[in-house]
1. Of all the residues that make up the stretch 143-158, how many are touching a helix residue (DSSP H, G or I) at 6+ places or on another chain (Cβ under 7 Å) and open to solvent by less than 50 Å² (accessible area, probe 1.4 Å)?
2. Any chance the stretch 159-166 includes a residue that's open to solvent by less than 50 Å² (accessible area, probe 1.4 Å), within 13 Å of the ligand (Cβ to nearest atom) and under 26 Å from Val225 (Cβ atoms)?
3. May I ask you to verify whether Tyr249 is closer than 25 Å to Ile35 by Cα, within 16 Å of the ligand (Cβ to nearest atom) and not assigned by TED's automatic domain parsing to the domain that holds Ser49?
4. Which of the helices (runs of 4 or more DSSP H) found entirely inside the stretch 166-255 contain at least 1 residues meeting this: more than 29 Å from Ala301 (Cβ to Cβ)?
5. Going by what's in this entry, would Ala215 be described as under 16 Å from the mean Cα position of the chain (by Cα), away from the ligand (no atom under 16 Å from the Cβ) and either within 28 Å of Ala137 (Cα to Cα) or open to solvent by 20 Å² or more (accessible area, probe 1.4 Å) (or both)?
6. Just checking, which of Leu261, Leu245 is at pLDDT 95 or above and out of contact with any strand residue (DSSP E or B) (no Cβ under 9 Å at 6 or more places or on another chain)?
7. If I filter the stretch 186-200 for residues that are within 16 Å of the ligand (Cβ to nearest atom), of a type in the set (Val, Ile, Thr), touching an Asp or Glu at 6+ places or on another chain (Cβ under 9 Å) and open to solvent by 20 Å² or more (accessible area, probe 1.4 Å), do I get at least one hit?
8. Working only within the stretch 167-183, note down all residues that are within 12 Å of Leu109 (Cα to Cα) and surrounded by fewer than 21 Cβ atoms within 10 Å (Cβ to Cβ).
Amino acid sequence: MKTQPVTVDGSVTHALHEAHQRFANNHHGKNASYIPYLASVPANLFGISIMFCDGTHAEVGDTDYAFAIESISKVFTLAHVLDDIGPQSLRSKIGCDPTGEPFNSVVALELHKGRPLNPFVNAGAMATVSLLKAENATRRWAQIESTYQAFAGRDLTVNEEVYASEASTNQHNRGIAWLLQSYGYLYADPMEVCDVYTRQCSVAITCQDLVTMGATLANGGVNPVTNTRVVTAKTIAPILAEMTLNGLYDTTGDWYYKVGLPGKSGVGGGILAVVPGVCAIAAFAPPLDVAGNSVRGQLAAEHLSRTLNLSLLH
Ligand code: DON
């Protein structure tokens, strides 16, 4: 059986460059266009990073380009809330089941009497934001910001242009927030929650930030670069369960067949895969498939998982 690397070595850098070379000219997919800013991001950008639990990392391509974290943010708000309320409470208030519907589906909510089913569809992500213990928007935001920064190991900022673009076009999410409230699955003011959720999606990160955030999950909640504990070790398994079942929305099963790892995508073109106890892979390429997942990002993760023997199913 092929061995699995535990640090950056020649096999890792070779696989990384091979993935970049192989898929850089793949032009399938389209930038997200329902958020006007995202449509304007250069479609040819492509970066891939890997970081091991010992803190060693390697990258290729556009790994220092700052892009919008979008739905990948849902993982890190969940981490904070899970740490606070525990997995039992999270499962009863939100859940850990696929909806089988697109990430912003209202139909899925109606079908389940308002229960969002998981924290990675927009409804579940807003319910998660509403579970942060905060008496106003400023305090709610402060918890999100400090959590993301601890995961990334550096100060992060909101891309105000992305935020303005999303805030002026998020009527659908506002509708979902009101619907959640009407069914009793939102635990704070709907418009405050929707706005904080929109802000968290607008945080600017690079592939290098994302891989550090993922490596912190892989490393049991301790950031391998700063050596700081960000979340308790017992919080990691429920996060990875959610990523395994719901990370790529209605195509999570296809991803799991191919990559065999917990993952999470965002419509900004970022994608994250976590190999528990070993490493994280982050990729960024804006064009998306119909479910909203980066096309080249998925191909890169699949290539690395296969060539470095990282799948949990092997
Ligand atoms: O709420 C939205 O629609 C976006 N801010 C985030 C959606 C997203 O990233 C879904 N991902 N694949």
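The values are calculated or read from the model by the stated rules, or taken from the named source; none is laboratory data. Remember, predicted model here, so these are calculated numbers, not experimental data. Here Cβ is always computed from backbone atoms with ideal geometry, including for glycine, and neighbour counts include all displayed protein chains. For the accessible areas, the whole protein counts, side chains as well, though only heavy atoms, and no ligand, DNA or RNA atoms are used. Shrake-Rupley method; radii C 1.70, N 1.55, O 1.52, S 1.80 Å.
1. Number of matching residues: 9.
2. There is at least one residue in the stretch 159-166 that is open to solvent by less than 50 Å² (accessible area, probe 1.4 Å), within 13 Å of the ligand (Cβ to nearest atom) and under 26 Å from Val225 (Cβ atoms).
3. Criteria not met by Tyr249.
4. 171-183, 190-201
5. no
6. On the way: Leu261 fails: out of contact with any strand residue (DSSP E or B) (no Cβ under 9 Å at 6 or more places or on another chain).
Going through Leu261, Leu245 in turn, the sole match is Leu245.
7. No.
8. Step one: filter the stretch 167-183 for residues within 12 Å of Leu109 (Cα to Cα), giving 175-183.
Those that are within 12 Å of Leu109 (Cα to Cα) and surrounded by fewer than 21 Cβ atoms within 10 Å (Cβ to Cβ): Gly175, Trp178, Leu179, Gln181, Ser182, Tyr183.
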